[in-house]
Amino acid sequence: MTDYLVDNSIWARLAAKDPRVEARLRRIERAPADLFVTCPPQVLEFCHSARTPEEHARSRDEISLGFPLEIAPDESLVLDIQSALWNAGVVRAAGSLDILIAAYAIVNDATVLTADRDFVHIAQVSSLQHEYVAG
């Protein structure tokens, strides 16, 4: 069983009708033991691109179909990830929200499904599980 925390890069490519992303999401959806999960920073990022209150409400409804992760990360984990990125010389490779999303995934044993390299960098300096969908 795998819990998938889907990054905004995947949702953007799905909206652009990327066949690789569509196929991967369908395989997860059909797998009886796999789940789509959410966390507050991921919901914030997903809803940030809305342009109207109606679009924001629709986005929030769509993303709430995933199961919310139960454990919030400690401040120390989030700051340790950022420090590890600094020490590896790639601090600018991942934004604050991505670090928070990664920390939620780590403490809840979830896998981040992504189409950008931010989480690849985070995984190199932490115990993050991720799956990169190439474009």
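The values are calculated or read from the model by the stated rules, or taken from the named source; none is laboratory data. Quantities reported herein were computed from a predicted structural model and do not represent experimental measurements. Glycine gets a Cβ as well: all are built from the backbone with ideal geometry, and neighbour counts include every protein chain shown. These area figures cover heavy atoms from the full protein model, side chains too; ligands, DNA and RNA do not enter into them. Shrake-Rupley method; radii C 1.70, N 1.55, O 1.52, S 1.80 Å.
Brief remarks on what is shown
- Within the stretch 30-50, the residues that satisfy the criterion of being among the charged types (D, E, K, R) and either at pLDDT 95 or above or in contact with a His (Cβ under 9 Å, 6 or more places away or on another chain) (or both) are R30, D34.
- Of everything in the stretch 104-135 that is within 18 Å of D80 (Cβ to Cβ) and among the acidic types (D, E), the residue that is most open to solvent (accessible area, probe 1.4 Å) is D109.
- From the options D74, D7, D80, D18, residue that is within 17 Å of the chain's Cα centre (by Cα), of a type in the set (D, E, K, R) and either open to solvent by less than 40 Å² (accessible area, probe 1.4 Å) or under 25 Å from H121 (Cα atoms) (or both): D7
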